Amino acid sequence: MTTTAQPRLSNQQVDFYRQEGYLIYNQPVFSPEKFQGLKDCFEELLTNLPAYVRPESMDVPHFICPRLFQWLFDDEVLGLVEPILGPDIALFSSHFICKPPGDGKRVPWHEDSAYWRDMLQPMEVCTVWLAIDPSRQENGCMWVIPRTNRHGYSDYEPVDQATNVFATEIISSQRDVAKAVPCVLEAGEASLHNGRTMHGSEANTSKFRRCGYTMRYISTRTKFDAKKYRYHQIYLARGQDHAGNVYADPTKNYQELSHYRVKHGKTGH
């Protein structure tokens, strides 16, 4: 496999990711200056968030903030996913999930694949979960259940959305939380997880905010069903297309599409 930038994962790390379904990358993803730029961009978006929108629900912010592509397309991020996906990469989605101190909502146990069920063929998504703030057990860090990436598409049951970010959760008989691993990260570090890996997080009852930026990537050999899912779009990040996908313009603001998603409840995943 040829690469277009220096890969940032060793063969051992790639093997661990493929087997366990996740990887904790306890190193800075960006330079201090570049990371501060991203954090400043997030703080600006958070300040301008409408009062009726929870900060856990800042989904696809790149649709209305093209500045984010400075980081989404950066070699330092793509160098993490290229060893997993290959040299031809598309941005599938991104999401700031910010849990305010004291009342940050719980994220119920789920697999991302459940939300994207027939959007992508095949279902191979690599999410880079970048810690904007330190992410620890006391402020609601993400937990993953290793080796669940071999399954996906579990059964779900309703949960109280007043205290949960999503309205459903994997039924208890299908998740072994005793095996769960916390993804403890300093600000600027990241974890990676497969789209079928079970994960979730507890509420933030601490005095410290917990924000992460999920940057989700697919190989351009994955087909996105753009005709059926007109409220979403993908972007070519590196290399060339192999699946006949249509890619959006990263320099354009798609405010109308963002409004459509909110109006029709297409938030979160």
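The values are calculated or read from the model by the stated rules, or taken from the named source; none is laboratory data. Since we're looking at a predicted model, the values are computed, not measured. In this analysis, Cβ positions are derived from the backbone assuming ideal geometry, glycine residues included, and neighbour counts consider all displayed protein chains.
Descriptive notes on the structure:
- Residue under evaluation PRO101, criteria (1) in a loop (DSSP other than H, G, I, E, B); (2) within 18 Å of the chain's Cα centre (by Cα), criterion not met: (2)
- One residue stands out in the range 104-128 among those that are of a type in the set (A, V, I, L, M, F, W, C) and not in a loop (DSSP other than H, G, I, E, B): the one that is nearest to the chain's Cα centre (by Cα), namely VAL128.
- Any hit, the range 27-40, residues being more than 26 Å from GLN121 (Cα to Cα) and crowded, with 21+ Cβ neighbours inside 10 Å: yes
- Listed by first and then second residue, the pairs linking a residue in the range 135-150 that is farther than 16 Å from LEU192 by Cβ to a residue that is among the basic types (Lys, Arg) and at pLDDT 95 or above, with Cβ atoms under 6 Å apart and 6 or more places separating them unless they lie on different chains, are ASN139/ARG210; GLY140/LYS99; GLY140/ARG210.
- Residue in the range 101-116 that is nearest to VAL77 (Cα to Cα), counting only those that are surrounded by fewer than 18 Cβ atoms within 10 Å (Cβ to Cβ) and modelled with pLDDT of 95 or more: PRO101
- The residues on offer are GLU56, GLU44, and the sole one that is in a helix (DSSP H, G or I), more than 16 Å from ASN253 (Cα to Cα) and in contact with a Phe, Trp or Tyr (Cβ under 9 Å, 6 or more places away or on another chain) is GLU56.
- Of the residues making up the range 80-98, those that are assigned to a strand (DSSP E or B) and either aliphatic (A, V, I, L, M) or farther than 26 Å from GLN255 by Cα (or both) are ILE89, ALA90, LEU91, ILE97.
- Matching residues, the range 243-261, being part of a helix (DSSP H, G or I) and either charged (D, E, K, R) or free of Cβ contacts under 8 Å to residues at least 12 places away in the same chain (or both): GLU256, HIS259, ARG261
- Strands (runs of 3 or more DSSP E) (entirely within the range 155-242) containing at least 1 residues that are without any contact (Cβ under 8 Å) to a residue 12 or more places away in the chain and more than 15 Å from the chain's Cα centre (by Cα): 156-158
- Looking across the range 129-150, just one residue is under 16 Å from the mean Cα position of the chain (by Cα), outside any loop (DSSP other than H, G, I, E, B) and of a type in the set (Val, Ile, Thr), and that is VAL144.
- Failed criterion for TYR254 (all others in (1) crowded, with 17+ Cβ neighbours inside 10 Å; (2) under 19 Å from the mean Cα position of the chain (by Cα) hold): (2)
- For the range 59-79, a residue qualifies if it is of a type outside the set (S, T, N, Q), assigned to a helix (DSSP H, G or I) and within 17 Å of the chain's Cα centre (by Cα), and the qualifying residues are PRO61, HIS62, PHE63, LEU68, PHE69, TRP71, LEU72, GLU76, VAL77, LEU78, GLY79.
- Within the range 113-141, being touching a His at 6+ places or on another chain (Cβ under 6 Å) and within 15 Å of GLU169 (Cβ to Cβ) holds for one residue alone: TYR115.
Yes or no, residue by residue, for (1) without any contact (Cβ under 8 Å) to a residue 60 or more places away in the chain; (2) of a type in the set (Asp, Glu); (3) buried (at least 18 other Cβ atoms within 10 Å of the Cβ):
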| site | (1), (2), (3) |
| --- | --- |
| SER57 | no, no, no |
| LEU85 | no, no, yes |
| CYS98 | no, no, yes |
| ASP118 | no, yes, no |
| PRO122 | no, no, no |
